[in-house]
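The values are calculated or read from the model by the stated rules, or taken from the named source; none is laboratory data. Computed from a predicted model, the values in this text were never measured in an experiment. Heads up, the Cβs are rebuilt from the backbone with ideal geometry, glycines too, and the neighbour counts pull from every protein chain shown.
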Amino acid sequence: MFIRHAGVALSGLAVALTPLSGSAHEIVGNRFFPATLGIDDPGVNDELSLPTVSSIKTGDDPPFRQRDFSAEFSKRITEAFAISVGTTYSVLSPPGGPTSTGAHGFQNLETTFKYRIFRDPAHEFVMSVGLNVEWGGTGADSVGADPFNTYTPTIYFGKGLGDLPDTLSWLRPVAITGQVGYSIPGRNSTTTFGIDPDTGDVIADTEFHPRVLNWGGTIQYSMPYLKSAVIDLGLPDFIDHLIPLVEATLQTPVANTLTSGTMTTGTINPGVIWVGSTFQVGVEALIPINRQSGSHVGVIGQLHLYLDDIDPRGIGRPIFGGPVQSANPFARN
């Protein structure tokens, strides 16, 4: 899902690092789609991301240092339907000042309802649909948490290139994932009233809440897939567990905004994931695409637990339905 991190600049600009954290791993034929850190992957599984930690300087002038600490738990209700709950604690530090002089608090609680609608093992293709709800008023005003709900219907997809011909066998470990969501605020605008200190007149200030296209994708090269489905190069075991990747997490206001030609913001995130039998560890750089997205390169890291591999007959089992045998190449039998 995007875990939409609460990236909030105090000037009112938002920096989304989406926890919008990735939150699942999906098996389609020979393809293992790992959880990614910026966008959600296209599948549904039982998992826990704890913690996801990020740090970046906002696009304010002067910029603030924003640190986010996130957690997300996803539970399958059926084999194809899952509900996830996530939360983020944000710390905003002013330039040149200690953390204690800035703002800190929880962002709004988020819930994602996700259903896998199509899976084609032969062509390593999967697609899901979902609805993310940010529950207004559950977070702190000091870090920019909105007092109203935001609803984001989203499409997720993933495609592995394992069906390429033998002449392109070195490209078979490549996979592409992506998501497109449309965020709809529960309130079109907020009007606040005050007193003009010079005239004593009542003044009104209206803030419009835009509808935003949240979109992004990944391109990844799976060393586990290379070894298991293409060729074993005899590389060190540590290398055979790596999945290098590049993510993009982007946001474009498309409606209910006062300005025309509103700029897209977001980050490009090169990084790597190490996949184990019951968990994975990932780290990525956060490279802002423009000044409004951030003023310096940041970093994000995540520990992600595969509950369906840790305890397939207990917490990792769908509430309705039996345990499903994992195809994680490193999962225990």
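Does Tyr115 qualify as being surrounded by fewer than 16 Cβ atoms within 10 Å (Cβ to Cβ), closer than 21 Å to Pro318 by Cα and at pLDDT 95 or above?
Values: surrounded by fewer than 16 Cβ atoms within 10 Å (Cβ to Cβ): yes; closer than 21 Å to Pro318 by Cα: yes; at pLDDT 95 or above: yes.
The answer is yes for Tyr115.
Residues to consider are Thr111, Thr52, Thr87, Thr138; find the one that is among the hydroxyl-bearing types (Ser, Thr, Tyr) and outside any strand (DSSP E or B). Break it down stepwise before answering.
Details: Thr111 fails: outside any strand (DSSP E or B); Thr52 fails: outside any strand (DSSP E or B); Thr87 fails: outside any strand (DSSP E or B).
None of the others qualify; the one that does is Thr138.
Of all residues being surrounded by fewer than 23 Cβ atoms within 10 Å (Cβ to Cβ) and in contact with a strand residue (DSSP E or B) (Cβ under 6 Å, 6 or more places away or on another chain) in segment 155-172, which is nearest to Leu213 (Cα to Cα)? Just the residue, please. If you could, list the steps in order and put the result at the bottom.
Of the residues in segment 155-172, the ones surrounded by fewer than 23 Cβ atoms within 10 Å (Cβ to Cβ) are 155, 157, 159, 161, 163-171.
When the remaining residues are screened for being in contact with a strand residue (DSSP E or B) (Cβ under 6 Å, 6 or more places away or on another chain), the result is 155, 157, 159, 161.
Working: Ile155: 12, Phe157: 16, Lys159: 22, Leu161: 27 Å.
By that ranking, first place goes to Ile155.
Provide a single number: the residues in segment 224-234 that are surrounded by 13 or more Cβ atoms within 10 Å (Cβ to Cβ) and either farther than 20 Å from Ile27 by Cβ or not polar (S, T, N, Q) (or both). It would help to see each step written out before you state the result.
If we filter segment 224-234 for residues that are surrounded by 13 or more Cβ atoms within 10 Å (Cβ to Cβ), which is where we start, we get 224-230.
This time we only want the ones that are either farther than 20 Å from Ile27 by Cβ or not polar (S, T, N, Q) (or both), so: 224-227, 229-230.
The number of residues fulfilling the criteria is 6.
Please specify each residue of segment 252-282 satisfying the condition of being surrounded by fewer than 16 Cβ atoms within 10 Å (Cβ to Cβ) and closer than 17 Å to Gly301 by Cα.
Matches in segment 252-282: Pro270, Val272, Gly276, Val281.
Of these, Ile243, Ile239, Ile219, Ile231, which one is farther than 28 Å from Leu307 by Cβ, at pLDDT 95 or above and not hydroxyl-bearing (Ser, Thr, Tyr)?
Details: Ile243 fails: farther than 28 Å from Leu307 by Cβ; Ile239 fails: farther than 28 Å from Leu307 by Cβ; Ile219 fails: farther than 28 Å from Leu307 by Cβ.
Only one candidate qualifies: Ile231.
Taking only segment 48-95 into account, find how many residues are under 25 Å from Asp311 (Cβ atoms), crowded, with 21+ Cβ neighbours inside 10 Å and out of contact with any helix residue (DSSP H, G or I) (no Cβ under 9 Å at 6 or more places or on another chain).
Residues flagged as under 25 Å from Asp311 (Cβ atoms), crowded, with 21+ Cβ neighbours inside 10 Å and out of contact with any helix residue (DSSP H, G or I) (no Cβ under 9 Å at 6 or more places or on another chain) within segment 48-95 amount to 7.
Step by step: first the residues of segment 47-61, then only those that are touching a Pro at 6+ places or on another chain (Cβ under 8 Å) and more than 20 Å from Val246 (Cα to Cα), then the one that is modelled with the highest pLDDT. Which residue is that?
Step by step, filter segment 47-61, then rank; the result is Lys57.
State yes or no: is Thr249 out of contact with any Lys or Arg (no Cβ under 8 Å at 6 or more places or on another chain), under 30 Å from Ile184 (Cα atoms), crowded, with 24+ Cβ neighbours inside 10 Å and among the β-branched types (Val, Ile, Thr)?
Details: out of contact with any Lys or Arg (no Cβ under 8 Å at 6 or more places or on another chain): yes; under 30 Å from Ile184 (Cα atoms): yes; crowded, with 24+ Cβ neighbours inside 10 Å: yes; among the β-branched types (Val, Ile, Thr): yes.
So Thr249 fits the description; yes.
Residue-wise test of (1) in contact with a Gly (Cβ under 8 Å, 6 or more places away or on another chain); (2) of a type in the set (A, V, I, L, M, F, W, C).
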{"site": "Ala145", "(1), (2)": "yes, yes"}
{"site": "Val174", "(1), (2)": "yes, yes"}
{"site": "Asn188", "(1), (2)": "no, no"}
{"site": "Tyr225", "(1), (2)": "yes, no"}
